[in-house]
Amino acid sequence: MYEEPEAADGARVLVDRLWPRGVAKEAAHLDEWCKDVAPSKELRTWYGHRSERYAEFARRYRHELAGSPAREALGRLREYAAAGPLTLLTATKSVEESHLAVLAEVLEGE
């Protein structure tokens, strides 16, 4: 979310539940802010970006993605992806062990 947009980004979708600190909404260049696909506050708090909890976090998050309204939000993300490049944006610093990594796997069909 903190990097400058590029022409190759295609659709730019923020997939965090909270708006990133220090980023003006006008400067974000978003096509959508898709809060419904982000992990619940309870799951995010439980995980706390603790590496030893990542596997269980990923399992629980996949379960959340299977329910409503996340399922509908995933459908919108799939529509963006079918139309061209899709860039998922997050304020998370450790993307490898975040909801973004799980979400990308789900969208790619693993």
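Every number here is computed from the coordinates shown, using simple stated rules; none is lab data. Predicted, not measured: the structure shown is a model, and the values here were computed from it. As a convention, Cβ positions derive from the backbone with ideal geometry for all residues, glycine included, and neighbour counts pool all protein chains shown.
How do Y2, Y54, Y80, Y61 line up, fewest other C-beta atoms within 10 Å first? Show your work: numbers first, answer last.
Details: Y2 11, Y54 17, Y80 20, Y61 24.
The most exposed by this proxy come first: Y2, Y54, Y80, Y61.
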Quiz prompt | Sorted by Cβ neighbour density within 10 Å, fewest at the top, the residues E79, E26 | solution = E26, E79
Self-check item: From phi via Karplus (6.51, -1.76, 1.60), per-residue ³J(HN,Hα) for the range 16-26 in Hz, x at Gly/Pro
Solution: 9, 6, 9, 6, x, 5, x, 10, 6, 4, 5
Quiz prompt | Under the Karplus curve 6.51 cos²θ - 1.76 cosθ + 1.60, θ = phi - 60°, whole-Hz ³J(HN,Hα) for the range 66-78, x wherever Gly or Pro sits | solution = 6, x, 8, x, 4, 4, 5, 5, 4, x, 5, 5, 5
Exercise. Would you grab the residues whose amide H sits under 5 Å from the one on E32? Only those 5+ places off in sequence or on another chain, please, with H modelled 1.01 Å from N.
Key: R12, L14
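Between rounded, prolate and oblate, where does the range 17-109 land on the alpha carbon gyration tensor, with a ≥ b ≥ c its root eigenvalues, rounded for a/c under 1.5, else prolate if a/b exceeds b/c?
Values: a/c = 1.71, a/b = 1.19, b/c = 1.43.
Taking the square roots of the gyration eigenvalues as a ≥ b ≥ c, the range 17-109 is oblate.
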Self-check item: Dipole magnitude of the range 7-108 about its Cα centre (Cβ charges: Lys, Arg +1; Asp, Glu -1), debye to nearest 20
Solution: 340 debye
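So which trypsin sites (Lys or Arg not before Pro) in the range 44-110 end up in coil per DSSP with only 16 or fewer other C-beta atoms within 10 Å?
Working: sites: R44, R50, R53, R59, R60, R62, R71, R76, R78, K93; in loops: R50, K93.
Answer by residue number: R50, K93.
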Quiz item: Expressed as a whole number of Å, what is the distance separating the alpha-carbon centroids of the range 15-33 and the range 39-65?
Solution: 22 Å
